[in-house]
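**Q** My questions all concern the structure below.
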Amino acid sequence: MAMRDYNLTGSMPDDPMIKLALMPFLNQWKRDLVRFDKVCERNRANGMKGGRPKNPLGFLGTQENPQEPKKAERENEKEKENEKERESIKSTRFASPTLDEVKEFFKENGYTTEAATKAFTYYNEAQWRDSRGHTVKNWKQKMRGVWFRDEHKHQAPQPYNPRAGTVPTIYTSPENYRPV
């Protein structure tokens, strides 16, 4: 209400709190009015000079649309970088390992050759694609992530430990029993 009253009548309100709240707005309105007057004066002066200057070459008409828009230099640079990356990827194609290489890799890392054979057979039959159908890019990384599990490790025989309460089980198949 106080803003509307000030705008219509130009009189300040009597309440000091409303007056205090209204002061920043009044100051901004004064600055805006001064700026507006400067713009109006500049436009008035330009109008007295004849307005906007005429084109010395005359009316050129409309320009023709280009057949194909020009590409920015950045896009050309990005395309060149992408092409180089594609070429480098093509040059480092995946070469599937042999069964002996897989067995040796498993053996070096302490895993069984049976697990190596299973892993090699699994991927070799699937043309070296994983369970999701993605091509295997690094077979060693895939073996570490998928096949290097505790159940595939070499199990060292556990010595008899009477304090632990475990007794090694000795199993003899029925074929090895002698009749008494």
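**Q** Within region 96-105, restricting attention to residues that are in contact (Cβ under 8 Å) with a residue 40 or more places away in the chain and of a type outside the set (Val, Ile, Thr), which residue is nearest to Asp150 (Cα to Cα)?
**A** Going through the qualifying residues, I end up with Pro97.
**Q** In region 90-134, how many are of a type in the set (Val, Ile, Thr) and part of a helix (DSSP H, G or I)?
**A** Number of matching residues: 4.
**Q** Could you check, for region 114-133, whether at least one of its residues is touching a helix residue (DSSP H, G or I) at 6+ places or on another chain (Cβ under 6 Å) and of a type in the set (Val, Ile, Thr)?
**A** Among the residues of region 114-133, not one is touching a helix residue (DSSP H, G or I) at 6+ places or on another chain (Cβ under 6 Å) and of a type in the set (Val, Ile, Thr), which makes the answer no.
**Q** May I ask you to list pairs of residues, at least six apart or on different chains, whose Cβ atoms are under 8 Å apart, with the first in region 109-138 being of a type in the set (Lys, Arg) and the second being surrounded by 14 or more Cβ atoms within 10 Å (Cβ to Cβ) and assigned to a loop (DSSP other than H, G, I, E, B)?
**A** Note: pairs meeting the criteria are Arg129/Val136.
Each value in this text was obtained by applying a stated rule to the coordinates, not by laboratory testing. Remember, it's a predicted structure, so these values are computed and weren't measured experimentally. All Cβ positions, glycine included, derive from the backbone under ideal geometry; neighbour counts span all protein chains shown.
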